Structures are given as structure tokens and as C-alpha cells.
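So the structure is just underneath, and the comments pick up after that.
The values are calculated or read from the model by the stated rules, or taken from the named source; none is laboratory data. What you see is a predicted model, and the numbers here were worked out from it, not measured in a lab. Glycine also receives a Cβ, built like all others from the backbone with ideal geometry; neighbour counts cover every protein chain displayed.
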Amino acid sequence: MRTMKIVVCSTLLTCMSAFGISDMALVKKAQEAGLKPIPKSELEILKLVDDPKNPITSSKVELGKKLYFEPRLSKSGLISCNTCHNLAMGGVDGVGAAIGHKWTPNPHHLNSPTVYNSVLNDVQFWDGRDPHLEAQAQGPIQAGPEMAAPKELVEKRVTSMPGYIKEFKETYGQDVKITFKLIADTIAVFERTLVTPSRFDDFLTNNPKALTKNEKKGLQTFIDKGCVACHTGVGLGGTMQPFEIHAKYAYAKGDFKGNASGMVKTPTLRNIEETAPYFHNGNVWSLTTAVKEMGSVQLGVKINDKEAQQITTFLKSLTGDKPKISYPQLPVITNKTPRPDMN
């Protein structure tokens, strides 16, 4: 019995040595603040992101990927989902206001949010008008300043190509009716797979070496300053929050005021170093500036240069591993395919 106690104590001391008491306290503090990791196992991730009403299958994902990269879903035949949510650029377009049909900037000067980890959001769209990725996928395709394609045109384009008809039948059955809704639903299935676990998730699941000393300090400051009031959960964002609580936003541009209650969707902080410019209007290019601005506007606290740099250092640990995505070869058009319309 004495030998067993010595072995147990020795093992415990080894673990505490590898994962310092301060590290364990920080993990607990982060967890108590509502921060949650992306699970490690593929099965647990699937449980997190899947929708029983539109379940993920490998064939849906492959078809959804083709439709995500398909510019012929737009009226002009030039704009795809990937145009504004570029998977090679952190899932964004890198401009302040999204650019759409006929080179039109978003009339409200709204920025394209990242598609990576969007499945972790409680709501979609900046005004949070729908919780479902399926509904979000329908919006930009039809919107005049974006892809500007009516439902009927999208259906005619897709069903005019034998390659798509074949793949839809293989995916959904021989009697499938290819509707606009089904096209958007299939895109959403692909988007559900765009989850990017990071070193931060490893740290939250008890890997002390996953974050550097400076990143841990930044996490501490991030929590202490109150950033977790809005940026929490698995997505570190994605909920509706009131805006301009303590001060006016200094970088206002456009007429967007949030939903009817003045609430705005909090953007995810995952991959935040890759998704500049920041905020709903894309009017801030510096991450440290964004951090300081949120301190005054949302928290009513001053975040000095040192603290902002600490937080920024932590935020960069949220840059995650992206799924490997090969650019798809798209089906060939036919004489029945509606031609591009630039008007």
C-alpha cells in the first residue's frame, strides 16, 4: 500500500511539474469564463457541427464544395461564395465593404465575415436574423448588391448541366428535385466542415506547452479586461450583443445600426489575425487598435498599448488548422444553360 501511494504521488508531482499550477489555474479560469475548446476527435466535432435535419455526408460535402466555388450561381456568372469568403484568405475578401454584382459595394458598408467556424455561431448575418447556415447561404445569392441571382435562374443554371444532375441524384436519390433551397442546403453542409482547431484548444484540453508564456499572459489579460463578456463559447463570438454600450464607436461608416434592438452579431475571434479589416463595417485594419476600441466602446475600460499587445499576442494563438481543400473541377455548360447577365 505504501509503495502504491508513493507511485501515485510521484505521478501527480510529475503531472503538476509538466502542467504548472498557474497553468491549471488559467485553464480553469478560462473555462469558468465560458471559453470552450473545439473537440479533438472527429466524432465529437461531427456532433458539434452536424444538423440532423440536413446531415453531413461525404457526397454532400463534395457537391457543396463545387457549389461553393461555382460562379455561375451568380447573375453575372463571375461571383461565387468564395469570392467574398475566400478560403485561401481566412474565409474573407480582405476589403472593407463586400463587393458584389456590377462592382457594387455593400450599400450599408458591411464587411464579409469569415465562413470558417461560422457553424459555431448562434446566429448568422450581422443583424442575426437567422440562426441557420442554410438560410445564410440563400441570402447572398439572391441579394442585388451581391450575387443578384433569382431562385429560378439558379435552378435553371444548375439543372442545365448534366454533371450536376448526376451528382445530385447520386447524393440525394434518383427522384431528387433540384430546388434553390436544396442547392443552398448543400452549400451549408460543406460550410459546416470548415472548422479550424488551434493551439488554444490544445491548451484548454490540458496541454501546457500549446501556448507560449506571452500568449498565456495575453489570455489572462483578455479574461481580466472582460473581453469574454462577448467573445466566449466554442466560437469566441457568434452571439448577439448590444453595441456602443459605454462610448461611441470611433470608426463608424455606413448606416448599419444592428437589429431592431440595436444588437449586432459578435464576430468570432478564431483566425482573427487573418480576417482584417475588422468590425461590421470593415473600417479598422489594426488588430491592436480594434482591441483598444472595444475596451472603450463595449467594456468602458482603457486598454493601454501594452495590454492591447498582450491580448493581440493571445488572439494569434486562435489561428487554426484549415481543412485541406482542393479546387474542384466544375460541370460543363450546355446550350440550355442561361448565359451570363451583367445588367
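What to note about this one:
- Residue 216 without any contact (Cβ under 8 Å) to a residue 12 or more places away in the chain and not in a loop (DSSP other than H, G, I, E, B): no
- Qualifying residue in segment 231-247 (condition: touching a Lys or Arg at 6+ places or on another chain (Cβ under 8 Å), of a type in the set (A, V, I, L, M), in a helix (DSSP H, G or I) and touching a residue at least 24 places away in the same chain (Cβ under 8 Å)): no
- Which numbered condition residue 155 misses (of (1) touching a Phe, Trp or Tyr at 6+ places or on another chain (Cβ under 6 Å); (2) part of a helix (DSSP H, G or I); (3) within 26 Å of residue 33 (Cα to Cα)): (3)
- Count of residues meeting criterion [more than 20 Å from residue 259 (Cβ to Cβ) and either among the basic types (Lys, Arg) or surrounded by 17 or more Cβ atoms within 10 Å (Cβ to Cβ) (or both)] in segment 143-177: 21
- Among the conditions (1) touching a Gly at 6+ places or on another chain (Cβ under 8 Å); (2) over 28 Å from residue 130 (Cα atoms); (3) among the basic types (Lys, Arg), the only one that residue 316 does not satisfy is (1).
- Within segment 313-343, the set of residues being under 29 Å from residue 159 (Cα atoms) and out of contact with any Ser or Thr (no Cβ under 8 Å at 6 or more places or on another chain) comprises 324, 325, 326, 327, 328, 329, 330, 331, 332, 335, 339, 343.
- Matching option when the condition is free of Cβ contacts under 8 Å to residues at least 12 places away in the same chain, basic (Lys, Arg) and over 26 Å from residue 67 (Cα atoms), among 316, 302, 324, 292: 302
- Selection from segment 58-100 of residues that are among the aliphatic types (A, V, I, L, M), in contact (Cβ under 8 Å) with a residue 12 or more places away in the chain and in a loop (DSSP other than H, G, I, E, B): 78, 79, 87, 89, 95, 97, 98
- Candidates 6, 45, 38: the one that is farther than 30 Å from residue 159 by Cβ, part of a loop (DSSP other than H, G, I, E, B) and either at pLDDT 95 or above or not assigned by TED's automatic domain parsing to the domain that holds residue 144 (or both) is 38.
- On inspection, residue 168 qualifies as in contact (Cβ under 8 Å) with a residue 40 or more places away in the chain, hydrophobic (A, V, I, L, M, F, W, C), part of a helix (DSSP H, G or I) and under 21 Å from residue 336 (Cα atoms).
- Identity of the residue in segment 191-245, surrounded by fewer than 18 Cβ atoms within 10 Å (Cβ to Cβ), at pLDDT 95 or above and of a type in the set (Lys, Arg), that ends up farthest from residue 267 (Cα to Cα): 213
- Checklist (1) under 29 Å from residue 323 (Cα atoms); (2) part of a loop (DSSP other than H, G, I, E, B) applied to residue 200, failing item: (2)
- Some residue of segment 101-111 being among the aromatic types (Phe, Trp, Tyr), modelled with pLDDT of 95 or more, assigned to a helix (DSSP H, G or I) and surrounded by fewer than 23 Cβ atoms within 10 Å (Cβ to Cβ): yes
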